[in-house]
Amino acid sequence: MNSGGHALTVLEFSRVLELVAGHASSAAGAARTRDLQPLGAAHDVASEHARVEAMRAMVESEAGWHPEPIPDLAAALGRLRVEGTAWTALELRAAVTLLLSSRRALDALHDKSLEAGVTIPLDGLAASLVRDPDTEREIDRVIKDDATVRDDASPLLRRVRKDLRGATADLVRMLERLMAKLESNHRVDDASVTMRNGRYVIPVRREGRGAVGGIVHDTSASGSTVFVEPPAAVEASNRIRELEAEELRETERVLLEVTDRLRPHREVLIATLDALVVLDSLYARARYAIAFGCAPAVLAASGHGFSILDGRHPLLLARDRSSVVPFALMMENGEHTLLVSGPNTGGKTVLLKALALISLMAQSGIPAPVGLGSRIPLYDRFFADIGDEQSIEASLSTFSAHLRNLTEIVHDATAQSLVLIDELGSGTDPVEGAALGGAILDTLTRRGTTTIATTHLGALKELAHEVPGVVNASLQFDAVALAPTFRLIKGVPGRSYGLSIARRLAMPEEVLRNAEQRVPKGERDVAALLEDLEARQKTLEARETAAAAHHDATVARAERVSEREQIVREKERELERAARSDARRYLLDARKEIEKTISELRAAGADQIESAAIAARRATEQKAAEAGEALAALDRDAEPTTEDRGPATEDRGPKTETGGVIEVGSPVAVATLGGKAGRVVELRGRDAVVAVGAMKVTVPLKTLTRVSKRALEPLEIAVPFIGDQPDVDVKHEVDLRGMRVDEAEIAVTQAVDAAVRADLGALRIIHGKGTGALRERVGELLSGDSRVRTFRMGAWNEGGAGVTIAELS
């Protein structure tokens with residue numbers, strides 16, 4: 001694509017590429033990253049991002065991944081096409097590195113510990129990598145790690161090098177003997193055999209040169225010492241030179257032989273090298289994305305708006321991450337031009353460049369510093385008119401340079417292009433600048449070009465109400481700190497803050513008052529309106545924040561209350577189940593006692609009471625069976641609390657199996673008490689609390705039969721049950737249901753006072769189940785009263801969790 005070289009230069013895209021390239025592991029990978037350019041085809045851009053994400057998954061995997069070394073073999077591979085050329089030992093050693101890196105990269109791409117399918121986008125690169133361990137071993141057999149040819153690379157080379165080492169050693173020994181025979185005035189102190197011009201020589205004082213004879217190959221800096229090859233050493237030196245030439249010929253032959261083995265694989269090796277370089281470039285982009293928290297973005301077609309969430313300027317982010325304030329910017333479908341206004345120090349240019357660089361990075365296959373959920377469109381070209389481009393050489397003023405850029409934009413920008421214009425309409429008369437700027441934006445907007453422009457001209461701010469597709473926006477500014485907040489607000493133009501900034505910078509007040517009077521009344525009114533809108537916006541945001549915090553606290557409190565209610569209900573069910581189980585066990589024990597009594601009476605000959613004993617046994621068995629059924633029903637379906645049951649059917653109360661509606665106050669006959677009559681004082685789901693004479697008992701509804709009021713005569717016989725209290729003037733219980741907390745506190749205190757005065761041993765406090773708040777308050781009152789020895793929750797036949805029994809001291 002034609003990305004627009006001028007725009008990329010102005011936007012400093014090369015600096016971003018350099019920043020990303022710094023995360024590569026090789027010079028070749030860094031160079032490939034610096035060469036990245038925006039791609040034109042959507043599928044190519046998507047493919048690049050898929051490969052970067054696959055590489056990111058590899059890097060962040062448990063095993064991790066780091067590119068293997070990449071040798072610089074591009075030039076050497078180019079020479080392979082010429083027959084007869086041989087690689088150097090260093091280049092052949094680099095070939096081993098290339099093959100080894102390729103094999104290890106393949107192993108990493110096929111690592112079974114990686115999540116299935118994660119490396120699929122890299123399959124194309126994997127197909128270009130080669131695995132040839134035989135060639136690796138062959139080159140390694142010939143070339144050592146220090147990039148020299150091994151002695152055993154060939155039999156001839158091994159023999160030549162052996163002869164060369166022997167001849168060299170013999171020559172050195174001979175020259176050392178000659179040095180030892182020199183006269184002391186001819187000998188150089190601490191001298192040794194050395195080489196000059198490829199020949200072995202001995203150092204001799206100049207006056208001894210005639211005594212030694214031979215060939216002088218060099219002289220010391222002072223001229224007092226000459227380096228002589230004695231006549232006896234000439235033949236031996238010539239032999240060494242011959243062996244060295246033979247070694248060189250054999251070495252070159254070996255290198256050519258190994259090179260010829262690689263020559264048929266030239267294209268494969270080129271593809272392998274390129275694949276490794278691409279992998280390193282992907283690695284650099286993945287590491288950049290990890291380092292700067294770049295989330296994957298959705299790539300979309302241009303012309304349908306965009307959404308940048310948590311966007312950050314890549315260059316500012318690299319300079320000082322902590323000081324960069326993220327921004328959010330969205331343009332809906334049908335919105336083509338965003339006109340950002342505000343003070344000159346409001347960070348508008350920073351925002352403009354950040355938007356462009358984010359788009360350029362995404363279109364070049366580089367993760368951009370944006371948040372999850374961002375949607376970035378793809379453009380066919382990028383245009384930018386940013387900054388002061390005055391050119392003395394071209395005889396262009398700043399305004400002329402801007403006009404040249406704007407003219408190119410109007411001519412060449414399409415509906416799929418991105419146009420960035422900074423300080424539109426500046427550099428000339430404000431009226432003419434605003435008119436020209438408005439015409440340019442009108443043209444680009446009607447064309448459908450995505451345009452982001454900044455301005456501080458008030459006249460351009462009215463364009464949003466005249467041209468469909470133009471949207472105002474403002475960048476918030478802290479007038480106290482004189483610094484931008486980088487918070488963008490769509491739909492509201494920004495104020496200039498010029499006079500406010502001048503006042504903060506200590507401009508004389510009389511000058512400011514004069515300036516304010518010179519501002520047209522219409523503009524003053526607009527500025528005041530915008531200031532009021534900003535204040536209202538801040539107030540609304542503060543209220544929304546407070547409301548959100550209150551809502552969160554309310555939800556958390558409701559969750560805690562719900563958890564406590566659930567715990568209380570579970571505890572109630574556990575206690576009631578234990579109470580029912582205990583009652584059933586007591587009844588079964590009673591049955592055993594009855595059986596024992598019957599046996600004793602029969603043994604005593606008291607047959608006249610057998611029928612009564614049998615009836616008592618049957619009643620006891622019936623009670624045990626009913627308690628067992630209630631326990632089983634509790635296990636199958638936990639009962640809700642009174643508050644959860646809701647109103648009774650038809651608001652008349654439940655019906656018994658024997659017929660008749662049972663309500664609080666109904667006279668009933670209790671089957672489990674031998675048909676004794678009583679009055680219903682409380683309904684509890686499928687159970688009822690019945691007062692029978694001086695006692696109260698909780699029984700299943702199905703065991704009750706409605707009777708007439710005449711049946712409620714005092715019973716001659718009272719059977720005591722656990723929790724029952726004899727009738728006396730002082731009440732043995734207090735009912736708090738329906739009372740407020742303060743009323744309940746008074747009632748409990750008075751009841752305890754009366755019970756203590758009457759010397760009662762216990763007090764039954766009825767508070768109901770409900771949410772448990774009243775029960776908790778009763779517990780607090782009793783625990784703080786020294787006259788209360790202990791208190792407990794009521795047993796199953798005492799009212800359960802709806803009653804507290806206080807034992808008095």
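The values are calculated or read from the model by the stated rules, or taken from the named source; none is laboratory data. Quick caveat: nothing in here was measured; it's all calculated off a predicted structure. Glycine gets a Cβ as well: all are built from the backbone with ideal geometry, and neighbour counts include every protein chain shown. With ligands, DNA and RNA removed, areas are computed over all heavy atoms of the protein, side chains included. Shrake-Rupley method; radii C 1.70, N 1.55, O 1.52, S 1.80 Å.
Data table
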item: Exceeding the 23 Å Cα-Cα cut-off - candidates Lys571/Lys676; Lys353/Lys490; Lys676/Lys696; Lys696/Lys731; Lys348/Lys461; Lys676/Lys769; result: Lys571/Lys676; Lys676/Lys769
item: Area accessible to solvent at Asp35, 1.4 Å probe radius, in Å²; result: 110 Å²
item: Residues with amide H under 5 Å from that of Val661, placed H, sequence gap 5 or more; result: none
item: Nonlocal amide H pairs with Gly371, under 5 Å, H built at 1.01 Å; result: Leu309, Asp310, Gly311
item: Dipole moment magnitude, nearest 20 debye, region 260-303 about Cα centre, only Lys, Arg, Asp, Glu C-beta charged; result: 60 debye
item: Part-to-part distance (alpha-carbon centres) for region 200-226 and region 307-357, which is given in Å; result: 78 Å
item: Derived scalar couplings ³J(HN,Hα) [region 14-30; Karplus, 6.51 cos²θ - 1.76 cosθ + 1.60; whole Hz; x for Gly, Pro]; result: 5, 5, 5, 4, 5, 5, 5, 4, x, 9, 6, 9, 9, 5, 5, x, 5
item: Vicinal HN-Hα couplings computed from phi for region 410-425 (Karplus, 6.51 cos²θ - 1.76 cosθ + 1.60; Hz; Gly/Pro x); result: 4, 6, 9, 5, 10, 5, 9, 9, 10, 10, 10, 10, 9, 6, 4, x
item: Local electrostatic count at Phe383 - Lys and Arg +1, Asp and Glu -1, tallied over other residues with Cβ under 13 Å; result: -2
item: Ala127-Glu563 pseudo-label distance in nm [points 7 Å out on the Cα-to-Cβ vector]; result: 5.6 nm
item: Amide H contacts under 5 Å for Ala300, placed H, 5+ residues apart; result: Ile376, Leu378
item: Inter-label distance for Val555 and Ser323, nm, one decimal - labels placed 7 Å from Cα along Cα-to-Cβ; result: 3.7 nm
item: Selection from Ala275, His265, Ala286, by position along the positive dipole direction of region 248-293 (Cβ); result: Ala286
item: Pairwise FRET efficiency - Val707 versus Ala773, Cβ, R0 = 51 Å, nearest 0.05; result: 0.85
item: Neighbourhood net charge (12 Å Cβ-Cβ; Lys/Arg +1, Asp/Glu -1) for Arg56; result: +1
item: Förster radius 41 Å - calculated FRET efficiency between Arg543 and Ala691, Cβ distance, rounded to 0.05; result: 0.15
item: Gained length - Glu244 relative to Asp107, 0.36 nm times residue gap less alpha-carbon distance; result: 45.0 nm
item: Karplus-derived HN-Hα couplings along region 435-446 (A = 6.51, B = -1.76, C = 1.60, θ = phi - 60°), whole Hz, x at Gly and Pro; result: 5, 5, x, x, 5, 5, 5, 4, 5, 5, 5, 5
